[in-house]
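Note sheet for the following structure.
The values are calculated or read from the model by the stated rules, or taken from the named source; none is laboratory data. Keep in mind it's a predicted model, so treat the numbers as computed, not measured. Cβ sites come from the backbone with ideal geometry, for glycine too, and all protein chains shown count toward neighbours. Side chains included, ligands, DNA and RNA excluded: accessible areas come from the protein's heavy atoms. Shrake-Rupley method; radii C 1.70, N 1.55, O 1.52, S 1.80 Å.
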Amino acid sequence: MNRLVSALAFCLIVAAGAGTAAGAQTADFRLPQTPAGKAVEAYFKAFNAGEEAMKAFFSGFISKEALQKTPLDVRLDRYRQMRGRLQSLEPQKLADARDNFVSVVARTGAGELVRLDFEFEAAAPFGLLGIRIEDMGGGGGQGPRPEPKKDDAELAEAVRAYAGRAVETGEFSGVILIARNGKPFFEEAFGEADREKNVRNTTDTKFNVGSIDKTFTGLAIRELAAEKKLALDDRLGKYLPDYPNKDAAAKVTIRHLLEMSSGIGDFFGDRYEAADKEKILTLADYLPLFADKPLEFEPGKGNKYSNGGYVVLGLIIEKVTGADYDSYIRDHVFKPAGMADSGWSEKTARMPGLAVGYEREGSAWKSNYDTLPGKGSSAGGGYSTARDLLNYTVALEKGIFGAAGESERGGFGIAGGAPGLNAAVEWDPQRGVTIVVMANLSPPSATGMARQIRAWLPR
């Protein structure tokens, strides 16, 4: 579930802002005429031009080592997902530039601000190693990066102090885990899991992960495709013949749903606000919130973030496998990854060890209970722990999910958030670093913390 901050494979997306038409470069934007600067300029042109241009960019600018680790077809698949959510990128401001590092603030086609960090080889030919895209949190963070710490011990000390101050100011409550090569060197809990009962967070506390669940849904769909139990270009109506919108059933493919190019809208809105949320317990219970609405655009001809589309993917998983969504993900994703403390729970069950989400209401804290559905979905709203999310990245690194996990093995940044909940995972296998931050406060409590930690990582 995600009402304010969306999850994006390899990206952390943002709160909306006003903007100019995307795709055109602002008049005062200039990149350095260095190999790195020219590569970044080529990236923006290729991103907006389309798949063939991106294919040429990857072939011409990615370092040989990085391309071997994450092959071209995987990078193109990742680009399709990014393009589906970001739509286009318009450079706004050069935030930082060095021989092997360039950081640019850009506006997406949806009018959102993101910051792209491009990291290059330290010497000629300065091949591109990787790109990070992060939440701008309303436009902040446009200056130079904080200086990296000299080693992991100094990093841990800085994070502990920073998180402690954030707890005191009401900006953080949760768990932080930082691992190198799959082994945590920092794993600590801060703040309270239940303020009414004075229960503190622990490293085993479960948190609502919001839209991070979309990652597991996408993986399950790719597993089923690899097993020839479905095809990504199959129409929605093949599996859900009674889907309320017959136009969508006939035109929308599974690939459209994965890439958020289906035209199916969101389930959050007036209907959700008016609904008896405690009765939203199954994936089918979400359908009346969005499924009968007209498509917002012709499938494959536009892009828009769609929680509804991922509910539909969950229903397809149920139809194909004959199992309920929760059980299938537990048996085919969580168990193989060693994620024993992840899943979905009815909110009335008050699961032991699950943190209560809180929102600021003036100077007081208010539970987010009334904003939650009766149970989360394939679009989000499940729970997990920091150690489980680390285990997921380790499972991907080991290739446990086979071909279905290939598109994520090069690393990612994923996040989820809504009132009273925020979680972020940053996994960079090239550097051997994983950052997991989980919070029972509203965004950017976790995404902002993860951003700060990443800026401090020893180079």
Solvent-accessible area, 1.4 Å probe, carbon plus sulfur percent, for the chain | 49
At 0.890 mPa s and 25 °C, Stokes D of the stretch 307-432 from Kirkwood alpha-carbon radius, µm² per second | 151
Could you give the size of the charge dipole of the stretch 360-459 about its Cα centre, using +1 on the Cβ of each K and R and -1 on the Cβ of each D and E, expressed in debye and rounded to the nearest 20?
-> 220
Estimated dipole of the stretch 99-222 in Debye, rounded to 20 [Cβ of Lys and Arg +1, of Asp and Glu -1, Cα centre] | 280
Going through K228/K293; K214/K398; K206/K347; K197/K347; K45/K214 one by one, the pairs whose alpha carbons sit over 23 Å apart turn out to be K228/K293; K45/K214
Partner lysines for K150 [C-alpha distance under 24 Å; skip if fewer than 8 residues away on the same chain] = K183
Dipole magnitude of the chain, debye to nearest 20 (Cβ charges: Lys/Arg +1, Asp/Glu -1, about Cα centre) = 600
Considering only protein heavy atoms, what per residue accessible area in square angstrom results for the chain with a 1.4 angstrom probe?
-> 40
Taking a crude spin-label model, label points 7 Å out from Cα along the C-beta direction, the E147 to R180 distance in nm is 2.0
Hey, what's the Kirkwood Rh for the chain if you take every pair of different alpha carbons, in angstrom?
-> 22.3
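Which of the peptides 44-54, 75-85, 146-156 is most tightly packed, and how do the rest follow, going by the mean number of other Cβ atoms within 10 Å of each residue?
Taking the mean over residues of other Cβ atoms within 10 Å, the ranking is 75-85, 44-54, 146-156.
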What aspartates and glutamates sit close enough to K319 to cross-link, taking a C-alpha to C-alpha distance under 14 Å and skipping anything fewer than 8 places away on the same chain?
-> D234, D242
Cα extents of the stretch 359-449 along the principal axes, largest first, in whole Å, come to 46, 28, 18
Please report, for the Cα atoms of the stretch 54-203, the Rg to one decimal and the Dmax as a whole number; what are they, in angstrom?
-> 19.0, 58
Proximal aspartates and glutamates relative to K366, as straight alpha-carbon distance under 15 Å, when same-chain residues fewer than 8 apart are discounted = E171, E192, D194, E196
In this structure, the FRET efficiency calculated for K246 and A340 from their beta-carbon separation, with R0 = 56 Å, to the nearest 0.05, is 0.85
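Could the peptides 307-317, 194-204 be put in order, highest first, of the mean number of other beta-carbon atoms found within 10 Å of their residues? Let's see the in-between values first.
On the way: 307-317: 26.5, 194-204: 13.1.
Answer by packing, highest mean first, reads 307-317, 194-204.
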Where Rh is the Kirkwood radius over the Cα pairs of the stretch 218-348, the temperature 4 °C and the viscosity 1.567 mPa s, what D in µm²/s does Stokes-Einstein return?
-> 84
Using packing as a proxy for protection, rank 100-107, 179-186, 57-64 so that the peptide with the highest average count of other Cβ atoms within 10 Å comes first.
-> 100-107, 57-64, 179-186
Expressed in nanometres to one decimal, the distance between label points 7 Å along Cα→Cβ at A364 and E51 is 5.4
